1. How large is ³J(HN,Hα), in whole Hz, for each residue of segment 170-187 in order, when computed from phi with the Karplus curve 6.51 cos²θ - 1.76 cosθ + 1.60 and θ = phi - 60°, using x for Gly and Pro?
2. Hey, what did segment 110-254 get for relative contact order, percent, Cα under 8 Å, at least 6 apart?
3. Based on DSSP, what percent of beta bridges with both residues in segment 130-252 are antiparallel, to the nearest 5?
4. Pull up the DSSP beta bridges for the chain and report the antiparallel fraction as a percent, rounded to 5.
5. For the chain, with all protein chains present and a 1.4 Å probe, just round the carbon and sulfur fraction of the accessible area to a whole percent.
6. So, how do all the Cα-to-Cα distances of the chain break down into 5 Å bins, in percent, from 0 on up?
7. Charges only on Cβ, +1 for Lys and Arg, -1 for Asp and Glu: so what's the dipole of the chain about the Cα centre, in debye to the nearest 20?
8. Please give the per residue accessible area of the chain, computed with a probe of 1.4 Å over protein heavy atoms only, in Å².
Amino acid sequence: MRLFQGLIKFGCIIGAATLLLACSSTPTYNPTVFQYEIDKPLIEAAKVKTVIIPHVNLGAPSRNYLQKVEPRVDSQVSSYLKSKGYKVLPQRLFKQHWNTAVRAYGDPVDPTTAKVNMKSFVQIMQSVRDQLRETSDLDAFVFTDIVEFEVPFNGGMKHLARWDGVTRRPSLQGPGSGVSAAFDWNQPAAVASLQISIYDIELKRLFASRGGLDATDAIDTRSSKGGYVRRRSVLENDAYIMEGIQLAFHPFIPFKDWPGKAK
């Protein structure tokens with residue numbers, strides 16, 4: 001879908017001279033913003049006020065090192081939703097009904113391949129939905145998948161990576177403080193994004209998008225040839241996580257600093 005374009009404001013006339021300084025309140029355009037999908041008629045009909053954040057992914061489970069940070073990310077998503085006026089039901093309610101349904105229909109995730117049996121997943125979700133509909137005023141499910149893929153840090157002299165609306169610099173890991181002159185900046189590094197998928201009480205999709213978080217790889221300063229290694233602490237920057245959350249929810253929740261083009 002087309003991307004939003006921010007409005008650029010010009011002003012700040014100084015003195016009697018007609019010197020005009022450009023004062024932009026709009027963020028730098030980033031062409032990597034995710035092409036979100038939104039069903040406005042369904043959203044208007046759903047009148048979403050009360051949501052719950054499932055503890056499971058909509059897709060395949062995240063890597064182990066990402067699963068460790070999922071509770072912290074979900075906590076920030078919950079806080080963000082509450083700050084925007086939404087009621088967020090306790091995640092433990094979803095877990096309780098999910099575990100009960102898994103005992104009835106079986107675990108939808110194959111433990112050896114991590115593949116998801118969507119037939120079982122849908123049956124379990126329908127069961128969870130039915131239980132929550134009877135015991136709460138739930139309007140929608142907000143799935144928060146942390147997805148990982150690779151991009152290069154080859155943007156300009158500062159070696160920037162851009163994906164899903166964010167711009168990040170590489171970090172170093174190891175005893176050294178510099179990068180080898182022979183380092184190949186075109187080699188890809190692992191990065192993570194937050195994928196938001198919102199479904200109404202009838203399990204119809206209202207909205208889907210992604211926002212970039214941070215790199216999960218760092219430059220290995222111990223390597224003479226230069227390469228990447230998994231960061232010891234992944235997604236530890238709360239500001240980066242919040243930026244990814246704001247990007248991922250736009251325009252379901254408008255983000256004034258969204259760096260895309262207007263439709």
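The values are calculated or read from the model by the stated rules, or taken from the named source; none is laboratory data. As the structure is a prediction and not an experimental result, all values here were calculated from the model. Cβ sites come from the backbone with ideal geometry, for glycine too, and all protein chains shown count toward neighbours. The area values use the complete protein model at the heavy-atom level, side chains included, leaving out ligands, DNA and RNA. Shrake-Rupley method; radii C 1.70, N 1.55, O 1.52, S 1.80 Å.
1. Residue by residue, segment 170-187 yields x, 10, 9, 9, x, x, x, 10, x, 10, 4, 4, 8, 4, 8, 6, 8, 6 Hz.
2. Rounded, it is 22 percent for segment 110-254.
3. Close to 95 percent.
4. Among the beta bridges of the chain, antiparallel pairing accounts for roughly 85 percent.
5. For the chain, the apolar C and S fraction of the accessible surface comes to 52 percent.
6. 1, 5, 11, 14, 15, 14, 12, 9, 7, 5, 3, 1, 1, 0, 0, 0
7. Value, rounded to 20: 280 debye.
8. Averaged over the residues of the chain, the accessible area is 54 Å².
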